[in-house]
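Only one structure is covered here, and it is reproduced in the block below.
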Amino acid sequence: MKKKILVLYFFLNCLFLTNISTSTENNIYKKIDLFGEVLKKINEEYVDEINQSESMDSAINGLLQSLDPYSAYMSPESFNEMQTETSGEFGGLGIEVGMESGLVKVISPIDDTPASRAGIKAGDYIVKIKDTQVQGKSLVEAVDLMRGPVGSSIKLTVRRRGEKKALTFNIVREIIEIQSVKSDLLQDNIGYIRLTSFNENSSEQIETKIKDLEKNENVNAYILDLRNNPGGLLSQAIRISDFFLDNGEIVSTKSRKASENRKWFAKKGDITNGKTLVILINYGSASASEIVAGALKDHKRAIILGENSYGKGSVQSIIPLKNKGAIRLTVAKYYLPSGKSISEVGVSPDITIVEEGEEFKIKTETDNQLGYAIKLLNG
């Protein structure tokens, strides 16, 4: 009798799950029919004639951007331009941007680029490009509007936290060549390393700079400056974190498929021999910067000083499509050794110092965060 009840229960359960699956599928088909009906009505009744192909592109992009600010659709033209742009030097402004509330948001201006020299700041919202309103456009469309020949100028209108009026910047496009690592020996024998991005050579450059600084036997502490660093390659973030750790987890990624979850661990050997380390971060520190700061904070290997970081803790993949376009899709999230996600939260500093200096220079009188770090290391 018990076997019959179990078999009946199993059968009813399967039937219930099948009904749920069928019901969900039917709802999706109804929504697709509804979308077709809406598109037909727009085409027939809208006051102006529309380009149906562009409308479909906007609909696809709207679907992707409803997921998160980093997922987006690239038309065949945009995808081709992106591939051309990443294969060599390009004319640009020098800003890393994302999308938030229908506006282009500056994640970070890159050091020594037209945008940083003009005064663009992390957290600025670009509301107009030339005289075109950004709201309602996709991130790819907005980036296309900012493209142009080297030497040509562009007007950006931005909204900034704490400012009542919109700010206008006229910026001349340049060939963007990023020098990712700078270093110096500061007062009281403090080694200073400024990392502006995580590119293919960043870890090698940092290793060389530290070895050069270590030749000075009096170096007693280090400052790693990750402010306004928008991130870059995960592999570089892992390697640079490993420079300062002897063991332990650095970062993990979790995706929808458990089989694709990964963890990375430090190998033995701290190239600074455990010397005191202060890491500077601000709102423009994102992605790979947050992995380094978060890992070294969790392991209590570094003192994190500055402002809360941006909160971009996700992994995007470029997935080509049959029409020769592509989608940029979030496929995983980063997690720190503590198990905390960086996404939309960021890394909080151990010591909060609000940024005052307009530019990052190795001069303590114009950079209160760096000045505080030096005082901290000197006790």
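Each value in this text was obtained by applying a stated rule to the coordinates, not by laboratory testing. All figures in this text were calculated on a predicted structure; none of them were measured in a lab. Using ideal geometry, Cβ is built from the backbone for each residue, glycine included, and neighbour counts are taken over all protein chains shown.
In the Gaussian network model of the chain, springs joining C-alpha atoms below 10 Å, which of ASN43, ASN216, ASN261 carries the largest mean-square fluctuation? Between ASN43, ASN216, ASN261, it is ASN43 that shows the largest mean-square fluctuation. Relative to one another, the C-alpha centroids of the range 222-236 and the range 244-279 are positioned 15 Å apart.
Dipole magnitude for the chain: computed about the Cα centre from +1 point charges on Lys and Arg Cβ and -1 point charges on Asp and Glu Cβ, it is near 1540 debye. In a DSSP loop and with at most 10 other Cβ atoms within 10 Å, the GluC sites (Glu not before Pro) in the range 36-73 are GLU49. Specify the inter-centroid distance of the range 288-339 and the range 106-185, based on alpha-carbon positions, in whole Å. The distance from the Cα centre of the range 288-339 to that of the range 106-185 comes to 22 Å. Out of ALA288, ILE175, ILE120, whose Cα points farthest toward the positive end of the dipole of the chain (charges: +1 Lys, Arg; -1 Asp, Glu; placed on Cβ)? So the residue furthest toward the plus end is ALA288. Compare VAL47, VAL315, VAL354 in a GNM of the chain, Cα atoms joined below 10 Å, and give the one with the largest fluctuation. Residue with maximal mean-square fluctuation among VAL47, VAL315, VAL354: VAL47.
Neighbour counts of other Cβ atoms within 10 Å put SER235, SER53, SER252 in the fewest-to-most order SER53, SER235, SER252.
For the options THR196, THR330, THR208, a Gaussian network treatment of the chain with springs between C-alpha atoms closer than 10 Å singles out THR208 as fluctuating the most.
Per-residue ellipticity at 222 nm from helix content only, as computed over the chain with -39500 (n - 2.57) for each DSSP H run of at least four residues, stands at -10500 deg cm²/dmol. Within the chain, antiparallel bridges make up roughly 75 percent of the DSSP beta bridges whose residues both belong there.
For the chain, the longest principal axis of the Cα atoms and the long axis of helix 2-45 meet at an angle of about 90 degrees. Largest first, the three principal axis extents of the alpha carbons in the range 214-259 are 50, 28, 12 Å in whole numbers. For every other residue with a beta carbon closer than 10 angstrom to the beta carbon of VAL278, add +1 if it is Lys or Arg and -1 if Asp or Glu, then tell me the sum. So the environment of VAL278 carries a net charge of -2. The GluC sites (Glu not before Pro) found in the range 87-184 that occupy coil by DSSP, while having at most 13 further C-beta atoms within 10 Å, are GLU89, GLU163, GLU177.
Rounded to the nearest 20, the Cβ-based charge dipole of the range 90-175 about its Cα centre (Lys and Arg +1, Asp and Glu -1) stands at 400 debye.
For the chain, the longest principal axis of the Cα atoms and the long axis of helix 234-243 meet at an angle of about 30 degrees. Can you tell me the 0 to 90 degree angle between the C-alpha axis of helix 368-377 and the longest principal axis of the chain, rounded to 10? For 368-377 against the chain, the angle is about 60 degrees. Loop-located trypsin sites (Lys or Arg not before Pro) across the range 164-241 with a Cβ neighbour count of 16 or fewer within 10 Å are LYS164, LYS165, LYS215, with loop assigned by DSSP.
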